[in-house]
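The values are calculated or read from the model by the stated rules, or taken from the named source; none is laboratory data. Here the structure is a predicted model, which means the values were calculated and not measured. Note: ideal-geometry Cβ built from the backbone for every residue, glycine included; neighbour counts use all protein chains shown. Ligands, DNA and RNA are stripped out before the accessible areas are found, and what is left, the full protein with its side chains, is counted by its heavy atoms. Shrake-Rupley method; radii C 1.70, N 1.55, O 1.52, S 1.80 Å.
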Amino acid sequence: RPSSRQATSSALMMRSSGVLLAGVLLLCGLAMSAAAVPPLGQIDSIRCKLYELIDASTIAGGVQQPLLAQIVRLAFHDCVGGCDGWVELSEPDNAGLSTPKATVDELWASHGQGISRADFYALCGTLSVFKAARNQCSATAPQPTMPLWFGRPDATADNAATFPKAHGGLDQVTTFLKTAFDMDDKESVVIMGAHTLGRAHRAASGFDGPWVTNSHTLNNEYYRELRRPPWTQQSEDVMGSIKYSWLKIPPPGGGGGGGGGRAGWERCGCDVRRVFVGSTVVGYL
């Protein structure tokens with residue numbers, strides 16, 4: 001039985017031709033009890049149906065596969081406080097999760113026989129991360145593999161999970177991830193790359209807009225955007241509350257740029273890059 005730390009680290013990593021494709025924290029904040037592993041045929045059936053639903057969520061002329069990022073967020077939020085299959089929609093931090101929760105719950109009812117809701121949320125989140133990684137790669141590229149853990153019990157009441165504030169800064173984020181998932185600073189940097197998926201919604205957070213152009217693809221574009229100045233902070237009144245956010249303003253004549261210090265991306269395999277901060281490799285994306 002894996003320890004909670006081993007399970008968390010394993011869920012962070014996907015292997016592709018010997019290269020670690022780190023993506024996203026998902027799943028596995030708790031040590032799990034022994035449980036029967038669902039038949040591979042059942043998992044494959046879940047995967048096929050889930051991918052149908054994700055593909056069908058594409059908005060014509062608009063956002064590609066928005067359900068993908070929503071399910072990843074659902075799985076992450078379920079694991080804050082314990083991966084237990086309970087996401088309380090009345091909690092402000094869970095705003096915007098009603099659609100993915102209803103979708104996954106319906107899929108669980110039809111395809112999840114013998115699987116706890118907690119395991120099913122984790123499974124759908126992991127499969128969604130896999131699909132996001134595959135969206136970056138060619139159809140002929142080696143497919144990454146990911147471990148799947150089973151044995152999470154379902155909660156019978158809300159665990160009252162708390163999240164860091166949007167303007168809490170680095171210290172609050174790293175403290176939160178250390179407390180919730182026993183992550184060190186390097187793992188915290190890696191997990192922030194999950195923001196390459198999806199976008200902010202004003203109705204959910206008060207913020208609006210995507211972090212990257214291809215918001216259905218798991219790659220290192222989130223980090224690359226952070227390295228492309230200029231950025232400027234803006235403020236606006238949102239429903240009586242002042243919100244501060246960073247706005248990207250293209251430089252005259254276009255082009256990107258880079259800041260000071262050593263940072264870089266080394267191509268590894270299927271558009272997977274090692275990310276450097278200072279002189280240390282902090283993760284694989």
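Based on the Cβ-Cβ distance from residue 182 to residue 214, what FRET efficiency comes out when R0 is 41 Å, to the nearest 0.05?
Values: r = 31 Å, r/R0 = 0.76.
Working from the Cβ atoms, E equals 0.85.
For region 51-185, the Cα-based Rg and Dmax, in that order, read 15.8, 45 Å.
Peptide packing for 190-199, 93-102 was compared via the average number of neighbouring C-beta atoms within 10 Å per residue; ordered from the highest value, the list is 190-199, 93-102.
Highest mean first, how do 106-114, 146-154 rank when packing is the count of other Cβ atoms within 10 Å averaged over residues? Please list the in-between numbers first.
On the way: 106-114: 14.2, 146-154: 19.0.
Peptide ranking by packing, descending: 146-154, 106-114.
Maximal additional length on extending the residue 37-residue 158 stretch stands at 40.9 nm, based on 0.36 nm per residue less the C-alpha distance. Multiplying the residue separation of residue 106 and residue 63 by 0.36 nm and removing their Cα-Cα distance gives an extension gain of 13.2 nm.
Spatially close Lys pairs in region 77-194, defined by Cα atoms under 24 Å apart and a spacing of eight or more places or different chains, total 5.
Report, to the nearest whole %, how much of the accessible area of region 35-109 belongs to carbon and sulfur atoms, 1.4 Å probe, protein only. All intermediate terms of the calculation are to be shown ahead of the outcome.
On the way: 2020 of 3430 Å².
For region 35-109, the apolar C and S fraction of the accessible surface comes to 59 percent.
Here the Debye sum runs over all C-alpha atoms of region 164-225 as equal scatterers in vacuum, and log10 of I(q)/I(0) at q = 0.22, 0.25, 0.27 Å⁻¹ comes out as -1.01, -1.12, -1.14.
Would you please state which residues of region 187-225 a label at residue 235 would reach in this model, taking the label point 7 Å out along Cα→Cβ and a backbone N cut-off of under 18 Å? Within reach of a label on residue 235, which here means backbone N under 18 Å from a point 7 Å along Cα→Cβ, region 187-225 contributes 206-208.
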